[in-house]
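Below is one structure, written out as structure tokens; comments come after it.
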Amino acid sequence: MLLTISFTLWLLRNVIFFCTIDLSYLETFFGTMTGPQHVCMLFLTSKEDSQRFDSIFTNRISFSKSIHGDVKEWVCNNIQRWTSEKPPWFVMESIPDEFLPDDVFEAEGGNNRRRSNGVSVRELIGIDGGLKVYPEE
């Protein structure tokens with residue numbers, strides 16, 4: 001008896017839930033698309049650079065591994081325009097080194113280039129990295 005009541009309540013709550021949600025999101029409950037597939041689809045189907053940039057560089061970079069060649073080409077074709085126009089969504093530090101053309105990579109500091117996700121503990125607590133250790137004489 002308890003099992004039947006529990007099942008009925010569960011079924012009733014699910015029906016109420018699906019009747020009250022925005023039905024345009026119904027497909028998100030039953031899709032088989034994975035996170036990496038979704039990231040790649042967003043990049044490939046987006047028409048605006050801001051959407052493409054957001055889909056690739058604000059998600060885990062390994063999600064877009066299958067289209068890295070396309071992403072590198074897209075960055076190479078557009079980076080000069082982005083650096084001159086400076087749109088609000090463009091953050092140079094968000095772009096991994098391997099996606100930058102060689103001339104831009106070198107202009108940004110090469111191997112010493114700062115990345116937005118490379119914050120050290122010293123920077124977080126306010127030590128500017130000026131800590132030096134001198135050898136004893």
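Side notes on the structure shown:
- Per the conditions (1) outside any loop (DSSP other than H, G, I, E, B); (2) at pLDDT 60 or above, the sole criterion not satisfied by Arg122 is (2).
- On inspection, Asn78 fails the criterion of being under 16 Å from the mean Cα position of the chain (by Cα) and on the phi < 0 side of the Ramachandran plot.
- Cβ-Cβ contacts under 8 Å between residues 6 or more apart (or on different chains), taken from a first residue in the stretch 76-95 that is at pLDDT below 90 to a second residue that is of a type in the set (Asp, Glu) and not in a helix (DSSP H, G or I), are listed as Met92/Glu108.
- Checklist (1) among the hydroxyl-bearing types (Ser, Thr, Tyr); (2) closer than 30 Å to Cys19 by Cβ; (3) surrounded by 11 or more Cβ atoms within 10 Å (Cβ to Cβ) applied to Thr58, failing item: (2)
The values are calculated or read from the model by the stated rules, or taken from the named source; none is laboratory data. The structure displayed is predicted, hence computed values, not measured ones. Reconstructed Cβ throughout: ideal geometry from the backbone, glycine too, with neighbour counts over all protein chains shown.
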